[in-house]
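Only one structure is covered here, and it is reproduced in the block below.
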Amino acid sequence: MPNARRGPHDLFAWAQSQRGRIAERGWIAALVLGPLAAVTWLVSLPPAPVAVPTAPPVRVAVRVTPSDATHLALAEALALDVWSENFGPGSPIDLVVHDGDLPRLEAAGLQPEILVPDIDAVARDEAARIAQAEIHRPADWYGEFRDFTAITARLEDLAARYPERVSMSAIGGSIEGRPLWALRIGGTAPDATPMLVNGAQHAREWIAAMVTTCVADRLVREYDDNPAIRDFVDHTELWVVPVVNPDGYQYSWSSDRYWRKNRRGGHGVDLNRNFAVAFGGAGSSSAKRSEIYRGEYAFSEPESQAIRDLVRRESIALHVDFHSYGQLVLYPWNYTAAPAKHRDRFAALGDRIASAIFAEHGTGYTLKAGAQLYAAAGTLSDWMYGEAGATSFTIELRPKGGSGFVLPPEQIRPTCDEGLAAVLALGSATPSD
Ligand code: 0X9
Ligand code: ZN
């Protein structure tokens, strides 16, 4: 156990002993000197010890493998947040807990493996590194993570430089009035397939915003030199929405690195529970403070409405929703363990996607139906498939576990290679595949 963990407990013990000594003094004075003296004592008493320094508890990310429902219930009760895709007895889950609760997990036999000893320290280190990068600008734009303003500028620059290949428009606006930017790329062939690629429904999944921006960037810039890209761009009418949740994204930069939802009412709505297929079902919550709060009704949020309207208007047929983390290629259904009607096609295409990803850097992405991991009702991907009739995948990018949502910036480029490979592989699918 790291030494740093002892700090808060020592301080707490010290504060308790101080309170005890003050109380003792009061009783002796009252008994020995009588009521008058006691009143005098009370008046002369120094102010209550309000300024006792107590450090906040440390938040730790751990991986545990609950073997039964009792273990799972304990893990759930102690979890401040659930980070991982898995959630069920027998499979490993990543949780955030207070350091003071680690002994309870240990005593119950859950053997917590520490993934991140102090998630807030990691976020502070990341912020300090990014502040440095602002000063000594890295030569490569993808050498560091970028906020919504910087991503917007990058998209504008791309659209201005290559007007024959890409156009930029807002497909809607967020609750706080930020534009939901979309790039429309290529699609010159009359039979071009309409495809949507989006990222950052979840604010803290920064790599998804970087990868979607990077995929758009590379498709446009490498068009002349790369035949596979040229073929894809000519035969696909591609819509890229890098940041579906700009308010949450910006909030994760300014205030809370681990913020997930949009900013509705300060509590937020999980956009990936706000879509109309199986809205309200398992793996979504009606509690506003829950990380999987689904909202008042399907499409209650302007961000999910904007995606819905784009998909309908453009008759989107192919779709990738980028998230992090876990290195997974997921296909519908997400809300039910029942197999999708097109399960075999999804599995075959998903296999091609995972192979194309692996061919880039030898990184393994696991293929599954979403609900094989846990049920999630009201997802974008289920709506794309169930209502819009699209072939839709959710891809959980790097890492596999470890650092969670805070990824070293050196991993942006290779993760972009993997995202691009996935998009090209899906684009090469024919209706008979
Ligand atoms: O829970 C989600 O919305 C997605 N995972 S994330 O960790 N990025 O939040 C995945 C949804 C689909 N997956 C499952 N049905 N398990
Ligand atoms: Zn996500």
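Its Cα centre serving as origin, the chain has a Cβ charge dipole (Lys and Arg +1, Asp and Glu -1) of approximately 1120 debye.
Projecting the Cα atoms of 61, 241, 216 onto the dipole axis of the chain, where Lys and Arg carry +1 and Asp and Glu carry -1 at the beta carbon, places 61 farthest toward the positive end.
Within the straight-line cut-off of under 18 Å between alpha carbons, the lysines reachable from residue 341 are 368, sequence neighbours fewer than 8 places apart in one chain being disregarded.
When 398, 129, 313, 204 are compared by accessible surface with a 1.4 Å probe, the order from highest to lowest is 313, 129, 398, 204. Within the straight-line cut-off of under 27 Å between alpha carbons, the lysines reachable from residue 288 are 261, sequence neighbours fewer than 8 places apart in one chain being disregarded. For a Förster distance of 35 Å, can you work out the FRET efficiency between the beta-carbons of residue 225 and residue 400, rounded to the nearest 0.05? Once rounded, the FRET efficiency stands at 0.65.
When peptides 281-289, 329-337, 193-201, 238-246 are ranked by their average number of other Cβ atoms within 10 Å per residue, the highest-first order is 238-246, 193-201, 329-337, 281-289. Computed per residue of the chain from DSSP H runs no shorter than four, each worth -39500 (n - 2.57), the mean residue ellipticity at 222 nm is -13500 deg cm²/dmol.
So what's the net charge close to residue 130: Lys and Arg +1, Asp and Glu -1, counting the other residues with Cβ under 12 Å from its Cβ? Combined, the nearby Lys, Arg, Asp and Glu give 0.
The values are calculated or read from the model by the stated rules, or taken from the named source; none is laboratory data. Keep in mind that what you see is a predicted model, and the values were worked out from it rather than measured. Neighbour counts are summed over all protein chains in view; Cβ atoms, including those assigned to glycine, are modelled from backbone coordinates with ideal geometry. Ligands, DNA and RNA are excluded from the accessible area calculation, which covers all protein heavy atoms including side chains. Shrake-Rupley method; radii C 1.70, N 1.55, O 1.52, S 1.80 Å.
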